[in-house]
1. Considering B:Val181, B:Val166, B:Val141, which residue is over 18 Å from the mean Cα position of the chain (by Cα), buried (at least 21 other Cβ atoms within 10 Å of the Cβ) and away from chain A (no Cβ under 14 Å)?
2. For region A:58-72, which positions are surrounded by fewer than 21 Cβ atoms within 10 Å (Cβ to Cβ), within 13 Å of another protein chain (Cβ to nearest Cβ) and of a type outside the set (Val, Ile, Thr)?
3. Take B:Lys211 and tell me if it is among the basic types (Lys, Arg) and surrounded by fewer than 22 Cβ atoms within 10 Å (Cβ to Cβ).
4. Would you pick out the residues in region B:211-268 that are under 22 Å from B:Leu164 (Cα atoms), touching a Ser or Thr at 6+ places or on another chain (Cβ under 6 Å) and of a type in the set (Gly, Ala, Ser)?
5. Name, by its number, the condition in (1) in a strand (DSSP E or B); (2) over 16 Å from the mean Cα position of the chain (by Cα); (3) of a type in the set (A, V, I, L, M, F, W, C) that does not hold for A:Phe248.
6. Exactly one condition in (1) touching a Lys or Arg at 6+ places or on another chain (Cβ under 8 Å); (2) of a type in the set (Lys, Arg); (3) closer than 23 Å to B:Phe215 by Cα is not met by B:Lys43; state its number.
7. For region A:65-78, which residues satisfy the criterion of being within 17 Å of B:Gly143 (Cα to Cα) and assigned to a loop (DSSP other than H, G, I, E, B)?
8. From B:Tyr228, B:Tyr247, which residue is among the aromatic types (Phe, Trp, Tyr), over 17 Å from B:Gly107 (Cβ atoms) and out of contact with any Pro (no Cβ under 9 Å at 6 or more places or on another chain)?
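The values are calculated or read from the model by the stated rules, or taken from the named source; none is laboratory data. Treat the numbers as computed from the prediction; the structure is a model and nothing was measured. Note that each Cβ is placed from the backbone with ideal geometry, even for glycine, and that neighbours are counted across all protein chains shown.
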Amino acid sequence: MGATEKITTLNGSLEIKHLKKSFNENVVLDDISLKLAKGENIVILGKSGSGKSVLIKCIVKLITADEGEIILFDKNISDLSSDELNTMRKKIGFLFQSGALYDSMSVRENLEFPLRNKKDLSQEEINTLVEESLADVGLLDVIDKMPSELSGGMRKRLGLARTMILKPEIMLYDEPTTGLDPITSKEISKLILEVQKKNNTSSIIITHDMECAKITSNRIMVLKDGLFATEGTYKELEKSEDEWVRSFFE
Amino acid sequence: MSTSTSSDNDRKEANLISSIREFFTELSLLTKFTLHFFKELFKLPFEFNEFIKQSYIIGCKSLPLVGITGFIMGLVLTIQARPTLVQFGAESWLPAMVAVSLIREIGPVITALICAGKVGSGIGAELASMKVTEQIDAMEVSGVNPFKYIVVTRVLATTLMIPLLVIFADAIALYGSYIGVNLKGDVSFQLFFSQVIEKLTFQDLFPAFIKTFFFGFAIGIIGCYKGYNSNKGTEGVGKSANSAVVYASLLVFVIDMMAVQITSLFVK
């Protein structure tokens, strides 16, 4: 069970070099570098406010970094025009902490929304894709409901289905199990792994949930004071000599 | 004593300077937002379905409120104007006077203010809530241009729907006026409206109609600007809705004042 084996082929599609980001005087990211291998799941751990979410928002340029490079599919994102960036973003899935479901739209419309610019798809093909994605997360029976009628776990699963509908090559998860009970959290973690294996995506997962980290991670990187303090597999870090790192696992 | 007065003056001066700076910063951001709107407006593809949906929400769903307001507006204006006109023996001028007042000024301004309250606050709160719950970010990362989808459609819908709502409100207000006239008199429907139409000229109708497009645009752009740039979590949602109403209402009066000045240059 889990994704604990370390992936060694670094033929990845995301590379971050010396990334820096500050908000006024507060340095959040200070010289961050990482490389995501194809099919690899990286879990990023760190205290609240350590810049984990800022890091993944920089990757999709929701936040612009002050310095450094983000190379996505061999292109530096700071060199892209807004149209090129939008095309690039379709290859990346982003699951927000809140799910970020469109509450004025039904479940079906939420899933159809990312497909709106795919002019080559007929309505029948769109319906099939929507139903397939919902079936993958076990939510086919709520297709005509509104997001407000769903539970927290269902909303997360729906968010995941909406993100996966564009078949992204890279997935970014911002605390996917926050606010859920341990059983639902475990279900979501397993679902992340299943979906990742099915579509052969690479993922970066921000989480505080060690059970989620254990299930989903190939590699864990620990963010401290704007830098990656250490990295390794779950088993390696669990036995770390650094008390601060070990405290995450206790 | 004098030291404390001097420090009070310094503080007041600093506050004044900071308020002025804030005002100009806000103005420049609003201008930038408006220019962004025009840039996105002419980019294809146009989000037609969302535009129709917003037009329905802004237009059709405001009809009852605007209708009731219009009716009361016409009725009250007629009842209030009658005693003065009676004093001057000009009671027969009542339909014409009320119609000109309603169509040139009161109808457009009151309807725009009602819409600033209902539509402007609605847009401000909706967009702010979308911002807080990361829905706008979610659109952006899925490769959809949120500005085009959310802002362009709503601003265009208010710009086109407010003039139609004003026409509707004016029509209902004239009917209200007809009822008002008949509370203390006996004027037939045909006579009332023939007097109204006879006295209304193109110069009454055209400038009044044109300015309503600007009212609609102002309400839409302010609502979207306040909502789209909201922050501070749920507190920001309330603030955005509130400031959307305040600024949109203020802008309606400013536009009206400018429209009157411009019209007076051409119409004698």
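1. Numbers: B:Val166 fails: over 18 Å from the mean Cα position of the chain (by Cα); B:Val141 fails: away from chain A (no Cβ under 14 Å).
Residue meeting the stated conditions: B:Val181.
2. Scanning region A:58-72 gives A:Lys61, A:Leu62.
3. Values: among the basic types (Lys, Arg): yes; surrounded by fewer than 22 Cβ atoms within 10 Å (Cβ to Cβ): no.
Here the answer is no, as B:Lys211 does not meet what is asked.
4. Within region B:211-268, B:Gly216, B:Gly220, B:Ala244 meet the criteria.
5. A:Phe248 satisfies every listed condition except (1).
6. (3)
7. A:Phe73
8. Going through B:Tyr228, B:Tyr247 in turn, the sole match is B:Tyr247.
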